[in-house]
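Undergrad: Please find one structure pasted underneath; my questions will follow.
Since every read-out is calculated from the coordinates, none of them should be taken as a lab result. Quick caveat, the model's predicted, so the values are computed rather than measured. Note: ideal-geometry Cβ built from the backbone for every residue, glycine included; neighbour counts use all protein chains shown.
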Amino acid sequence: MLTGYAPILVLLALAIGFALVNLFVSELMGRRRINVGKADPYECGMEAQGSARIRLSIHFYLIAVLFILFDVESVFLILWAVSAGDLKAAGLAPLVLAEIVAFVAVLGLALAYVWRKGGLEWDR
Amino acid sequence: MNVEMMKQVLTAEALSAAAPFLALTVGILLLLVVEILPGTATLRPLVFLGTLAAAFGYAWQQANGPELRVFAETYVANSTTGWWAILFVIATLVAWLFARKFYREEARFEGEHDVLLLSAAAGMVLMAGSRDLLVFFVGLELLSVPLYTLSGFQRAKRTSIEAGLKYFVLGAFAAAMFLFGAALVYAGTGTLTLSSMDAADLSKSITIAGGALIAASLFFKISVFPFHLWVPDVYQGAPAPVTTFMATGTKAAAFAFLLPMAVLLPSDAAVLLAAIAVATMALGNLGALVQTDLKRLLAYSGISHAGTMLLAVAAQVSGGASAASVSNAILYYMAAYVFTAGGAFGLVTAMESRTGAPVTIESLKGLAQRQPLWAATFALFALSLGGIPATGGFLGKYLVFSTAVQADMIGWAIAGVLMSVVALGYYLRLIVAMYMQEPAKDATHGEGSRPWANAMAVVCAVGVLVLGVLPGWFMEHMK
């Protein structure tokens, strides 16, 4: 039963191997010329200045969490869309429709709640 | 997509099995609607109580109905889960009623408070009915995440934030242990559903290790040694109504799943469980003896009660006591505990909310003169916690120890009974303080009238007495 997960293991090995191989190849074959520019966090763009540990508004966190929530929920819509055809063919159309309507209604309610409580306002 | 499976899974039977859970979910959504629409705030208590009533009704049906195994055997509804659900509804109601008028700065978040309370209750119902490790995990998180938030609900109080953070960090650790254990069990048996584990070989060491990890994460929730360290701090720091809820509901929900998942534990583990149980009782009682803060004292007493119930689980694992008798013993013990601890923590809530200062044994002195009703009911709760006959606590203890005797664990049972005697030391101290000692000059705890608290104290006291005096009715219903 666990052999079904073999592709995931292979993918994992490939991903780790790819990263390691690239690191070693550039370590072995690359030339090294250290200068001030290379020690910068970014080699192009604006010059870095000040500390990176500044305090950010908690509001960014709220928006990020809300984004993740609705982002992940929308992934579930794809799963539904993929299987809706089969289920409709099997005569389950009303059930399938009702399920997705309920799902989206709950999401909509959550969005309305966030909106009403001022979670989407930038300048507070 | 397996169409046939979908047809088998989503049946009317499945919906009726999940009805108490669904009722709570719908209630959560309705509460959010109330929050959104302007001018409907007065409807909130109505919606909350209506939701609990609906959940209670469905749970009652299950308690008296046939056994349903639904969602591909991952969820069951039978008389036991029905009674658990009824218990969760009562615990929620007690916590909610004691929370009335408790919050001041946070009063404008009362809607969120109620939503979180209902989510946790829904999580408990899901935990009790689940017979699958993943379904249980969803219930566990549905219970835990709202409780982390509720523990830190009083944002202006340092202790409350500390309680929330502590509970969150340790809770996340326990959740990770559970998942790790579930993964090992899956590796060993190839399934996560408890019913299909009966057929699998459970003697592989990887399965046993997984079962042990899962049990450990449940031990964290029911607060037994050595996973009890968070309890006194969190119970003390969290808002008192939330403590009421955690002490009663969370413990009950974790026990409700510990019993069916105990099939994963080999019978050799019984001795270990019994040793943990007695160590927990000793530690809880000795800890409680030296406490002066009432919430900490009740927290330690809760630890020792968890130890007592674990003794019954040990009896089941050893194979000496039948699963049904252990399940009934723990259900009865927990029912008595919900009323007793619910009432006791609730009265602490009522005393605390007037002044905002922590309630100590010192501030209990002379309570019999200031609030005769509170003193009388609190004395009854203390006696029931101590296991004095004619209270629900006595019968719970009797049933638990008799399962241990059935399983030939007489030595452990005697150790447990001796521990209950030690416990009387601090329970009686509370009664002495309330009735026989003069109040300090500036004693203010418990002044003024609190009609809701009075009513709830009386209801809990009646519950304790009915469970203690008329056990036959419940026994007949629980079968």
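Undergrad: Give the peptides B:151-159, B:370-378 in descending order of average Cβ contacts within 10 Å, highest first.
TA: B:370-378, B:151-159
Undergrad: How many nm is it between the label spots at B:Thr191 and B:Leu43, if each spot is 7 Å from the Cα in line with the beta carbon?
TA: Inter-label distance under the simple model: 4.6 nm.
Undergrad: Right, something else. What does the structure give for B:254-265 when I average, per residue, the other chain Cβ atoms found within 10 Å of the residue Cβ?
TA: 0
Undergrad: Suppose R0 equals 30 Å; then what is the FRET efficiency for B:Glu362 and B:Leu424 from their Cβ-Cβ distance, rounded to the nearest 0.05?
TA: Working from the Cβ atoms, E equals 0.90.
Undergrad: Also: For the range B:11-28 and the range B:145-205, write down the distance between their C-alpha centroids in whole Å.
TA: Answer, in whole Å: 24.
Undergrad: Further question: How many nm is it between the label spots at A:Leu62 and B:Asp198, if each spot is 7 Å from the Cα in line with the beta carbon?
TA: Simple spin-label model gives 5.2 nm for this pair.
Undergrad: I need the calculated FRET efficiency for the pair A:Val25 and A:Lys88, taking r as the beta carbon distance and R₀ as 56 Å, to the nearest 0.05.
TA: Once the sixth-power term is evaluated, E becomes 0.60.
Undergrad: Could you list which residues have their amide H under 5 Å from that of B:Asp132, counting only those 5 or more apart in sequence or on another chain, with H placed in the peptide plane?
TA: B:Leu194
Undergrad: Related question: Considering the alpha-carbon set of chain A alone, what are its Rg and its Dmax in angstrom?
TA: Calculated on Cα positions, Rg and Dmax stand at 24.6, 69 Å.
Undergrad: From the phi of every residue in the range B:126-138, what ³J(HN,Hα) in whole Hz does the Karplus formula 6.51 cos²θ - 1.76 cosθ + 1.60 yield, where θ is phi - 60° and glycine or proline is x?
TA: 5, 4, 5, x, 6, 10, 9, 5, 6, 4, 4, 5, 4
Undergrad: Expressed as a whole percent, how much of the Cα-Cα distance distribution for the range B:33-146 exceeds 25 Å?
TA: 28
Undergrad: Then there's this: By per-residue mean of other Cβ atoms within 10 Å, what is the highest-first order of B:165-175, B:198-208?
TA: B:165-175, B:198-208
Undergrad: Let me ask you something else. Within 10 Å of each Cβ in peptide B:26-37, how many partner chain Cβ atoms are there on average? Round it to a whole number, please.
TA: 3
Undergrad: I would also like to ask the following. Once you sort the root eigenvalues of the Cα gyration tensor of the range B:383-426 as a ≥ b ≥ c, which label holds: rounded (a/c under 1.5), prolate (a/b larger than b/c) or oblate (the other case)?
TA: oblate
Undergrad: Once phi is turned into θ = phi - 60°, what whole-Hz ³J(HN,Hα) does the Karplus curve with 6.51, -1.76 and 1.60 give for every residue of the range B:178-191, x standing for Gly and Pro?
TA: Whole-Hz 3J(HN,Hα) from phi for the range B:178-191: 4, 5, 4, x, 4, 5, 5, 4, 5, 5, x, 10, x, 8.
Undergrad: What shape does chain B have by the C-alpha gyration tensor, where a ≥ b ≥ c are the square roots of the eigenvalues, rounded means a/c under 1.5, and otherwise prolate means a/b greater than b/c and oblate the rest?
TA: oblate
Undergrad: Right, here's the next one. For the range B:139-276, compute Rg over Rh where Rg is the Cα radius of gyration and Rh is the Kirkwood radius from the inverse mean 1/r over Cα pairs.
TA: My calculation puts Rg/Rh at 1.03.
Undergrad: Determine the equivalent ellipsoid of the protein assembly as shown by diagonalising the alpha-carbon gyration tensor, then write out the semi-axes as square roots of 5 times the eigenvalues, largest first, rounded to whole Å.
TA: One finds semi-axes of 42, 32, 28 Å for the protein assembly as shown.
Undergrad: Compute the separation of the alpha-carbon centres of the range A:30-87 and the range B:273-347 and state it in Å as a whole number.
TA: That distance is 47 Å.
Undergrad: So what's the range B:262-349 giving for Rg/Rh, alpha carbon basis, Kirkwood Rh from the mean inverse pair distance?
TA: 1.05
Undergrad: Further, regarding this structure: If I fit a long axis through the Cα atoms of helix A:6-29 and take the longest principal axis of the Cα atoms of chain A, what angle between them do I get, 0 to 90°, rounded to 10?
TA: Tilt of helix A:6-29: around 20 degrees.
Undergrad: To continue, here is another question. Can you check what the net charge comes to around B:Leu165, using other residues whose Cβ is under 14 Å from the Cβ of B:Leu165 (Lys, Arg +1; Asp, Glu -1)?
TA: +2
Undergrad: Quick one: Karplus J couplings for the range B:379-390, per residue in order, coefficients 6.51, -1.76, 1.60, θ = phi - 60°, nearest Hz, x for Gly and Pro?
TA: 4, 4, 4, 4, 5, 5, 4, x, x, 7, x, 6
Undergrad: Given the DSSP H assignment, sum -39500 (n - 2.57) over each helix run of at least 4 residues in chain B and divide by its residue total; what's the result at 222 nm in deg cm²/dmol, nearest 500?
TA: It comes out at -25000 deg cm²/dmol, rounded to the nearest 500.
Undergrad: Points 7 angstrom from Cα along the Cβ direction at B:Ile36 and A:Ile78: gap in nanometres?
TA: In this crude spin-label approximation the distance works out to 2.7 nm.
Undergrad: How many partner chain Cβ atoms sit within 10 Å of a residue's Cβ in peptide A:79-91, on average, as a whole number?
TA: Mean inter-chain Cβ contacts per residue within 10 Å come to 2.
Undergrad: Using every alpha carbon pair in the range B:268-479, what percent of pairs falls into each 5 Å bin from 0 up to the bin containing the largest distance?
TA: Distribution as computed: 1, 8, 16, 19, 18, 14, 10, 7, 4, 2, 1, 0 percent.
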